[in-house]
Every structure is written in structure tokens, then in C-alpha cells.
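As C-alpha cells, the structure follows; a few thoughts come after it.
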Amino acid sequence: MQRIVLIAHDAKKKDMIEWVQYNRKSLSTRELWATKSTGEEIIRQVGLHVNLLLHGPEGGDMQVGAMIAERKVDLLVFLWDPLSPQPHDVDVKALLRLAVLHDLPSACNRRTADFLISSPLFEGRRAHEPAP
């Protein structure tokens, strides 16, 4: 089963909930992981099962980074806020760097997330498998 990690900074939580709600059917067949507050909001507002990690600033971003390095993630949707300073900005940059390093399909905004999840290349293929 494909694993999708969902992370949203506070200013982007509403966008994440709307995106998850819109893609509920497709996401319901995937294994979802999220940092704590993002995951709790998805569970509460959308009703999907989400595996919870720590809060991002408390180590959740680092947990996601480890999952990426171990090739345990197939898609990352990280709606980060480019206008607000983040106390754990170093962790955010490290996480995004690992996603690029490991060639992980990643989205930092809703439109890109829509392109990735609706791509025929995404259906049925694990991120660590070579493209056809």
C-alpha cells in the first residue's frame, strides 16, 4: 500500500483539510501518515485514519526525514507557510532536501499535490520503484 505523508503549517491547515476532503476517495486507499496536529485535524474533520507522528517542531519533521531516507514514503504533501518564520526552519529545509535527494514525489502547494495524486504514473507504483 502506498504511504503518503501529510504536513501543513498552521497557516496552511485549512488548505490541507480542503485538499484531503477533495481527494478523500483516493486517499482512503492509501496509508496516511502526518505530523501530530495536521493528522489530528484530518482525523477530526475528514474522518480518515492517519498514523500520527510527533509535532513537527518536536521531532515530527525529523521522523518524516527518516522515513524518506529509509524509502518508506511514496508521496510527500508538505504545505508549508513561506511567509511566517518557523522556529524549526532548519528541520523543514532538511526534510525538503531529503525529499529531493531521494527523488520523492513532493508537493508544497495544492495544485502540485493535485497533479501528483492524479498522475497515472503514481497509480500502483511505489516511489522506490523505477519508472516504466
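The values are calculated or read from the model by the stated rules, or taken from the named source; none is laboratory data. None of the values given here were measured: they were computed from a predicted structure. Note that we place each Cβ from the backbone using ideal geometry, even for glycine, and neighbour counts take in every protein chain shown.
Here are a few things to note about the model shown:
- Residues that are part of a helix (DSSP H, G or I) and buried (at least 17 other Cβ atoms within 10 Å of the Cβ), drawn from the stretch 98-109: 98, 99
- In the stretch 33-52, the residue that is surrounded by the fewest Cβ atoms within 10 Å (Cβ to Cβ) out of those that are part of a loop (DSSP other than H, G, I, E, B) and touching a strand residue (DSSP E or B) at 6+ places or on another chain (Cβ under 9 Å) is 49.
- Inside the stretch 68-108, residues that are over 16 Å from residue 35 (Cβ atoms), in contact with a helix residue (DSSP H, G or I) (Cβ under 8 Å, 6 or more places away or on another chain) and modelled with pLDDT of 85 or more make up a count of 4.
- Residue tally, condition touching a strand residue (DSSP E or B) at 6+ places or on another chain (Cβ under 8 Å) and in a loop (DSSP other than H, G, I, E, B), over the stretch 1-32: 4
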